[in-house]
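What follows is a single structure, written as structure tokens, with notes after it.
Please treat every number below as a calculation from the coordinates, not as lab data. Not measured: the values here are computed from a predicted model. Heads up, the Cβs are rebuilt from the backbone with ideal geometry, glycines too, and the neighbour counts pull from every protein chain shown.
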Amino acid sequence: MTVNDDSFTNWKIREEIAEAMIPLIGKLHRERDVTVLLHSRSLVNKSVVSILKTHRFARQIAGAELSVTETMPFLEALTTLDLGPSQIDLGMLATTYKADDRGLSVAEFTAEAVAGATGANKIERREPRDVVLYGFGRIGRLVARLLIEKAGSGNGLRLRAIVVRGGGAQDIVKRASLLRRDSIHGQFQGTITVDEETSTIVANGNAIKVIYADDPSHVDYTEYGIRDAILIDNTGKWRDREGLSKHLRPGIEKVVLTAPGKGDVPNIVHGVNHDTIKPDEQILSCASCTTNAIVPPLKAMDDEYGVLRGHVETVHSFTNDQNLLDNYHKSERRGRSAPLNMVITETGAASAVAKALPDLKAKISGSSIRVPVPDVSIAILNLQLARETTREEVHDYLREVSLTSPLKRQIDFITAPDAVSSDFIGSRHASIVDAGALKVDGDNAILYLWYDNEFGYSCQVVRVVQYVSGVEYPTFPATSV
């Protein structure tokens with residue numbers, strides 16, 4: 001086998017450019033609260049190979065060549081501007097520049113495209129908003145990782161405390177260890193130390209107080225210097241307004257539930273109905289991981305084709321509410337061994353659609369099967385459309401939605417013919433359309449939607465918290481509607 005010298009030389013050149021991008025991206029992030037993206041994927045704190053792989057993946061999805069040789073000039077142009085807190089997508093800049101026929105230089109085009117983040121339009125950096133996690137299970141720890149990762153980066157959130165029930169000797173050490181290492185999501189990116197005397201976990205310099213309490217009514221958060229905080233309830237113990245109101249203690253202004261809300265609690269899917277949250281609303285829900293996976297593509301399909309009715313079948317990874325081996329469980333089937341069986345169970349995702357998409361007239365039914373994988377699920381969305389279409393049309397439409405629409409942070413698009421569930425561990429999107437599995441026949445469309453039911457959902461939770469905090473900064477260039 002001979003080595004292609006041209007290919008190797010080209011790789012080394014791109015590797016060198018990616019290496020030069022890292023300090024520029026880091027400086028924009030640290031000093032100006034600017035998050036640099038590539039087709040919705042953050043390039044912050046990424047390695048040389050990760051940056052090159054992200055460009056490669058973006059090429060596959062966009063269907064057009066895009067290299068670091070093309071995006072680097074836009075990044076360099078950004079460093080010359082007086083930018084305020086924002087998210088700037090190099091992929092969008094490069095592709096829209098290609099389509100622009102006005103003869104502008106890269107610097108001129110970049111300045112125009114991000115004008116909303118400069119000059120009189122520039123958002124000033126705000127004081128970070130306090131956040132408290134009530135419960136520290138799978139979702140709680142991933143939300144903690146995200147908040148720590150983003151601390152001081154322009155998202156304006158600061159994790160101040162975690163509330164848990166006391167667990168005996170070395171409780172805080174064990175909880176810190178679970179934050180540090182995760183069998184599915186890998187090592188925590190940074191350093192974690194524990195101060196047992198003050199009951200504090202220090203993660204990447206962020207001091208996080210661990211508060212022990214058996215009930216929300218036992219905590220006065222102002223005693224810990226916490227003010228006007230958003231509390232994220234990860235326990236799911238309370239799901240109605242009366243129960244969640246117990247969290248509205250001194251120091252807590254709003255409560256966000258990481259499970260479907262009951263009664264009149266608003267169920268929010270970021271990207272779809274987050275802008276309906278009333279400023280004075282103190283209690284809201286982020287719905288379920290499955291609701292977040294199906295609602296954005298369902299909205300996209302309804303907007304373009306109209307949806308008359310639909311059914312969603314979720315093939316869901318097992319969770320901690322199932323048994324490792326057969327044992328008593330209040331649910332008939334969930335008592336059977338999760339790692340050894342496929343388990344038919346219920347899902348509330350279909351009924352939750354009406355809360356997130358009240359204008360959708362179609363009836364959506366749903367069912368679910370738990371399967372022996374620890375993370376990443378798939379929703380099969382079977383839709384009867386209001387008009388006939390083709391597979392090619394739906395394919396191209398959903399690809400464009402994933403790249404340029406307001407739902408591009410929620411909907412991803414994969415063309416790899418050999419993709420399997422583990423490929424999507426760590427995805428930050430709520431839903432990933434599997435292009436190869438897409439089926440369309442006249443007015444019937446079947447979408448296969450992968451989702452990391454842990455990490456992707458946690459990203460949606462953080463987006464909702466950012467929004468209600470008033471610190472969700474705009475993305476440039478502006479997405480098409």
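Neighbour counts of other C-beta atoms within 10 Å: give me Thr389, Thr291, Thr314 arranged from fewest to most.
The order, fewest Cβ neighbours first, is Thr389, Thr314, Thr291.
Averaging over every viewing direction, what projected area does the convex hull of the Cα atoms of the chain cover, in nm²? Present the calculation step by step, with values, prior to reporting the outcome.
On the way: hull surface 102.9 nm².
Taking a quarter of the hull surface, the average projection is 25.7 nm².
Considering only Cα-Cα distances, which of the following residue pairs are longer than 20 Å: Lys246/Lys330; Lys237/Lys278; Lys174/Lys209; Lys12/Lys53; Lys53/Lys98?
Violating the 20 Å Cα-Cα cut-off are Lys246/Lys330; Lys237/Lys278; Lys53/Lys98.
With the cut-off at 1.5 for a/c, could you classify region 346-401 from its C-alpha gyration tensor as rounded, prolate or oblate? Kindly include the intermediate steps, with their values, before the conclusion.
Working: a/c = 2.21, a/b = 1.29, b/c = 1.71.
It comes out oblate by the Cα gyration axes.
Grab the other residues whose beta carbon is less than 15 angstrom from that of Thr222, score K and R as +1, D and E as -1, and report the net.
Values: positive: Arg160, Lys209, Arg227, Arg249; negative: Asp130, Asp220, Glu223, Asp228, Glu253.
Counting the neighbours of Thr222, the net charge comes to -1.
Leu157's amide H: which non-local residues (gap 5+, or another chain) put their own amide H closer than 5 Å, with H modeled 1.01 Å from N in plane and none for Pro or chain starts?
Under 5 Å from the amide H of Leu157 lie the amide H atoms of Arg129, Gly152, each far enough along the sequence or on another chain.
By the scheme Lys and Arg +1, Asp and Glu -1, what is the net charge of all other residues having a beta-carbon under 15 Å from that of Thr79?
Numbers: positive: Lys27, Arg30, Arg32; negative: Glu31, Asp33, Glu76, Asp82.
Charge balance near Thr79 sits at -1.
By a straight-distance test (C-alpha under 22 Å), which lysines pair with Lys363 as possible cross-link partners, with residues fewer than eight away in the same chain excluded?
Cα-Cα hits under 22 Å: Lys262, Lys299, Lys355, Lys439.
Could you order peptides 116-122, 245-251, 431-437 by the average number of other Cβ atoms within 10 Å of their residues, highest first? If you can, show how the numbers build up before the last one.
Numbers: 116-122: 14.6, 245-251: 16.9, 431-437: 22.0.
In descending order of packing, they fall as 431-437, 245-251, 116-122.
HN-Hα J couplings of region 317-333 from phi, Karplus 6.51/-1.76/1.60, θ = phi - 60°, integer Hz, Gly and Pro as x?
Karplus values, whole Hz, x for Gly and Pro: 4, 6, 10, 5, 8, 9, 8, 5, 10, 3, 6, 4, 8, 5, 8, 4, 8.
In the chain, what percentage of the DSSP-assigned beta bridges are antiparallel, given to the nearest 5? The partial results should precede the final answer.
Details: 38 of 80 bridges.
Here the share of antiparallel DSSP bridges comes out near 50 percent.
For the chain, what does the helix formula give at 222 nm: sum of -39500 (n - 2.57) over DSSP H segments with n ≥ 4, over the residue count, nearest 500 deg cm²/dmol?
Values: 12 runs with 153 residues, N = 481.
The per-residue figure over the chain is -10000 deg cm²/dmol.
Which aspartates and glutamates does Lys361 reach when only Cα atoms under 18 Å apart count, and residues fewer than 8 places away in its own chain are ignored?
Cα-Cα hits under 18 Å: Asp302, Asp303, Glu304, Asp443.
Along the charge dipole of region 5-121, pointing to its positive end and built from +1/-1 on Cβ of Lys, Arg, Asp and Glu, which listed residue (Leu28, Ser67, Ser42) has its Cα farthest out?
Projecting each Cα onto the dipole axis, the largest value belongs to Ser42.
How would His39, His29 line up from fewest to most surrounding beta-carbon atoms within 10 angstrom? If you can, show how the numbers build up before the last one.
Numbers: His39 24, His29 20.
Result, fewest neighbours first: His29, His39.
Amide H neighbours of Lys237 under 5 Å, at least 5 residues apart or on other chains, H built in the peptide plane: list them.
Placed amide hydrogens put nothing under 5 Å from Lys237.
Return a whole-number percent for the relative contact order of the chain, with Cα pairs under 8 Å and 6 or more residues apart as the contact set. Walk me through the numbers on the way to the answer.
On the way: 965 pairs, mean separation 65.5, N = 481.
Computed over the chain, the figure is 14 percent.
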